[in-house]
Amino acid sequence: MTATAGVYAITPDAASWAMHLPDPTRPCHVYRHLPEFADGRPQDDAVALLLEWAGSAGLQPDESHLRWLTGPEPRADRENNHVSADDLVFEMVLALGFTGIPESRPMAVDPGAAPFNLITDQMGGLAKVAHTEVGLRRHAIERGAAPNPLDDWIVESIRLDDELWAAAFCGSDRVAELKAAVAATVESHRQAREASGPPPATVTIGGQEVTSSVHLAETMFHMVARNSLNPVGHPMTALLHQDRRPMAHPIPRPA
């Protein structure tokens with residue numbers, strides 16, 4: 001279950017807006033948003049955007065329900081039970097006028113399950129380490145430096161991350177192949193680090209010594225490999241795979 005959920009509106013012409021649940025009136029303190037996806041908007045504006053989107057889709061939205069969802073703290077029902085951000089998203093789907101939510105479609109390949117999480121984990125997967133490496137090289141090039149070519153594992157981690165997510169619902173015949181690709185990429189990373197040594201723990205920027213982002217990402221990766229970061233099989237992780245449809249688990253909303 002997540003503490004905050006992102007809601008993104010798309011029309012046949014273009015992406016149009018985004019907001020957070022709960023409480024889309026507050027700014028996001030986690031991500032830097034593009035201006036057209038400005039988060040933190042008055043509740044009336046949030047409700048108007050939702051009503052406009054639903055109307056353009058030919059739906060009949062429930063305005064009072066949308067106002068409850070976009071209120072400052074719709075985190076408890078009449079019995080004072082906690083309402084997760086996941087459930088609020090499902091509630092919004094119904095409030096927009098959809099008559100029901102179909103049963104969750106099982107994944108053919110779960111990108112968050114072992115061993116795929118060695119690549120995909122958003123905090124410590126190899127793709128995260130690879131993107132960090134690429135970002136540092138980009139800054140080095142902008143400063144006029146000539147960094148070494150990218151290691152194979154960096155390119156492969158980023159490519160494989162995309163491939164694993166693309167295979168989530170249509171890759172049932174590729175499980176063994178994808179597992180082998182993960183193993184090969186992890187081994188390529190191990191050999192590269194063995195040859196070059198681990199990334200330095202600190203770097204100097206503008207005369208100041210700061211913690212290396214690559215070192216931090218690498219540390220997180222080793223935690224994922226030890227199953228001590230976002231542990232696979234943990235009871236809270238298992239909740240993500242439950243059928244959380246409000247049609248099956250209705251939320252008694254405040255009157």
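Nothing in this text is a laboratory measurement; each read-out follows from the coordinates by a stated rule. Treat the numbers as computed from the prediction; the structure is a model and nothing was measured. Glycine gets a Cβ as well: all are built from the backbone with ideal geometry, and neighbour counts include every protein chain shown.
How would 28, 170 line up from fewest to most surrounding beta-carbon atoms within 10 angstrom? Mind dumping the intermediate values first?
On the way: 28 17, 170 11.
So the ranking, lowest neighbour count to highest, is 170, 28.
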Enumerate the residues in region 163-186 having an amide nitrogen under 13 Å from the point lying 7 Å beyond the Cα of residue 134 toward its Cβ. 163
If the label point sits 7 Å along Cα→Cβ of residue 114, residues of region 205-222 with amide N under 14 Å come out as 222
What does the C-alpha gyration tensor say about the overall shape of region 117-233? Classify as rounded when a/c is under 1.5, otherwise prolate if a/b is larger than b/c, or oblate. prolate
In nm, spacing of pseudo-spin labels at residue 227 and residue 45 (7 Å Cα→C-beta vector): 4.7 nm
Cut-off 14 Å (backbone N to label point 7 Å along Cα→Cβ of residue 213), residues of region 141-162: 141-143
Counting Lys and Arg as +1 and Asp and Glu as -1 over every other residue whose Cβ sits under 12 Å from the Cβ of residue 120, the net charge comes to -4
How much net charge surrounds residue 203 when only other residues with a Cβ under 14 Å from its Cβ are counted (Lys, Arg +1; Asp, Glu -1)? -1
Quick one: which of 137-145, 112-120, 214-222, 124-132 comes out on top by average Cβ neighbours within 10 Å, and what's the full order, highest first? 124-132, 112-120, 214-222, 137-145
Nearest 0.05, what FRET efficiency do residue 142 and residue 172 give at R0 = 51 Å with Cβ-Cβ as r? 0.75
Nothing charged except the Cβ atoms of Lys and Arg (+1) and of Asp and Glu (-1): what's the magnitude of the dipole of region 117-233 about its Cα centre? Round to the nearest 20 debye. 200 debye
